[in-house]
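Enquirer: To start, I am sharing the structure in question, which I have written as structure tokens.
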Amino acid sequence: MGAARILSRQAEVWRRLTEVNDPELDEPVTEMGFVERAEVTSDGSVEIDFRLPTYWCSPNFAFLMLDGVRKALDQLSWSPAYRVKLHDHMFAEEVNRGMEAGKTFGDIFAELAEDQDLEALRETFRMKAFKRRQEAVLRGLRQHGLTDREILAMDLPAYDVARFEPGEAANQKPRYRAALLERYPDRRTDDPVFVTWEGQRIPPAALGAHLAELRGVRVNMEFNGALCRGLKQTRYKELDVVDGEPTLVDFIMNRVPARAAPTA
């Protein structure tokens, strides 16, 4: 296989992997640094080395991420054979041995999950992602000068033409749209864009209280993200801190910074 073709496929692999999120943090596993290596070999197969920030990272969380990686690789245009290897985790041996034996991640983690309802866990994380994304866009629209009444009256066409300066609101705008339509796939285009997770309308007078609830979800997720990054940097002695990302010091000092827009 030619070098140009390998590079093209390599780019496609990384593009697909950016769509896999840490379920607890709603951030791509690539940005979190969990994908140590993703390589297309000369015969077109794909090799992935995956590592988590702690040895004891929840097997259920590991399953959800690795299952996301599998689904991403299954969508590659040339349908390659692939190998996903988990490193430095308490269940790495079981996972890697099961993969080599051709077992699915579901089979491998069936015993490790301890009868936990993984679909219920997925739903909890989808709810948190929905709320975090919505909060970022709502704050962005307020900062843009729209009134609460104007914001809550927005339908999909109005939402789609809204523009933001580069930053968190611009980053989360398409992600919130995707979360909304995943949650409510039968919504009409003239239905309000901003509703509660349960699908209820938000009265303008209640938007402040609604945002306070969403902020609690975001701060919790950002704290977990800061903890996760700190553990990873300590464990692997890395210094790849992204400007604008909150750290544990920020939470201790109650000074969570605005998140910077991701770079391409």
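Enquirer: Does segment 144-153 hold any residues that are surrounded by fewer than 18 Cβ atoms within 10 Å (Cβ to Cβ) and either within 22 Å of Arg215 (Cβ to Cβ) or within 22 Å of the chain's Cα centre (by Cα) (or both), and which are they?
Expert: Within segment 144-153, His144, Gly145, Leu146, Thr147, Arg149, Glu150 qualify.
Residues checked against (1) without any contact (Cβ under 8 Å) to a residue 40 or more places away in the chain; (2) more than 17 Å from Leu180 (Cα to Cα):
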residue: Arg132; (1), (2): no, no
residue: Ala136; (1), (2): no, no
residue: Arg142; (1), (2): yes, yes
residue: Asp148; (1), (2): no, yes
residue: Asp155; (1), (2): yes, no
residue: Ala158; (1), (2): yes, no
residue: Arg163; (1), (2): yes, yes
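Enquirer: Now for a different question. Any residue in segment 114-134 that is within 22 Å of the chain's Cα centre (by Cα), part of a loop (DSSP other than H, G, I, E, B) and either closer than 29 Å to Phe50 by Cβ or assigned by TED's automatic domain parsing to the domain that holds Met221 (or both)?
Expert: Applying the first criterion (within 22 Å of the chain's Cα centre (by Cα)) to segment 114-134 yields 116-134.
Next, from what is left, pick out any that are part of a loop (DSSP other than H, G, I, E, B): 116-117.
From the residues that got through so far, the ones that are either closer than 29 Å to Phe50 by Cβ or assigned by TED's automatic domain parsing to the domain that holds Met221 (or both) too are 116-117.
So far as segment 114-134 goes, yes, one or more of its residues are within 22 Å of the chain's Cα centre (by Cα), part of a loop (DSSP other than H, G, I, E, B) and either closer than 29 Å to Phe50 by Cβ or assigned by TED's automatic domain parsing to the domain that holds Met221 (or both).
Enquirer: Touching a residue at least 60 places away in the same chain (Cβ under 8 Å), more than 22 Å from Val217 (Cα to Cα), assigned by TED's automatic domain parsing to the domain that holds Met90 and not acidic (Asp, Glu): which single residue out of Gly44, Gly33 fits that description? Please lay out each step first, then the result.
Expert: Numbers: Gly44 fails: touching a residue at least 60 places away in the same chain (Cβ under 8 Å).
After applying the criteria, what remains is Gly33.
Enquirer: Restricted to segment 165-190, and to residues that are aliphatic (A, V, I, L, M) and touching a residue at least 24 places away in the same chain (Cβ under 8 Å), which residue is nearest to Arg215 (Cα to Cα)? So that I can check it myself, show each step before the final result.
Expert: From segment 165-190, those aliphatic (A, V, I, L, M) are 169-170, 178-181; that's our starting set.
Pick out the ones that are also touching a residue at least 24 places away in the same chain (Cβ under 8 Å) and you get 169-170, 179-180.
On the way: Ala169: 14, Ala170: 18, Ala179: 18, Leu180: 18 Å.
Per the criteria, the residue is Ala169.
Enquirer: Next question. Does Gly102 satisfy being more than 20 Å from the chain's Cα centre (by Cα), part of a loop (DSSP other than H, G, I, E, B) and not assigned by TED's automatic domain parsing to the domain that holds Glu39?
Expert: no
Enquirer: Just to check your reading of the model, which residue among Val242, Val217 is β-branched (Val, Ile, Thr), within 30 Å of Tyr159 (Cβ to Cβ) and at pLDDT 95 or above? Talk me through it step by step, then tell me what you get.
Expert: Values: Val242 fails: at pLDDT 95 or above.
None of the others qualify; the one that does is Val217.
Enquirer: Of all residues in segment 193-218, how many are crowded, with 16+ Cβ neighbours inside 10 Å and either free of Cβ contacts under 8 Å to residues at least 24 places away in the same chain or of a type outside the set (Phe, Trp, Tyr) (or both)?
Expert: 9
Enquirer: Checking Leu64 against (1) within 24 Å of Gln172 (Cα to Cα); (2) free of Cβ contacts under 8 Å to residues at least 12 places away in the same chain, which test does it fail?
Expert: Here Leu64 meets the rest and fails (2).
Enquirer: Moving on. Just one of the numbered conditions (1) under 21 Å from the mean Cα position of the chain (by Cα); (2) among the hydrophobic types (A, V, I, L, M, F, W, C); (3) at pLDDT 95 or above is not true of Phe34; which one?
Expert: (3)
Enquirer: Kindly indicate the residue of segment 77-110 that is of a type in the set (A, V, I, L, M, F, W, C) and surrounded by fewer than 16 Cβ atoms within 10 Å (Cβ to Cβ) and also modelled with the lowest pLDDT among those meeting that condition. Can you show your working first?
Expert: Quick first cut of segment 77-110, residues of a type in the set (A, V, I, L, M, F, W, C) only: 78, 81, 84, 86, 90-92, 95, 99, 101, 105, 108-110.
After this cut, where a residue has to be surrounded by fewer than 16 Cβ atoms within 10 Å (Cβ to Cβ) as well, the list is 78, 81, 90, 101, 110.
Working: Trp78: 97, Ala81: 94, Met90: 90, Ala101: 81, Ala110: 73.
Per the stated criteria, the residue is Ala110.
The values are calculated or read from the model by the stated rules, or taken from the named source; none is laboratory data. It should be emphasised that the depicted structure is a prediction, and the values quoted were computed from it without experimental measurement. A quick note on method: Cβ atoms are made from the backbone with ideal geometry, for glycine too, and the neighbour counts reach across all protein chains shown.
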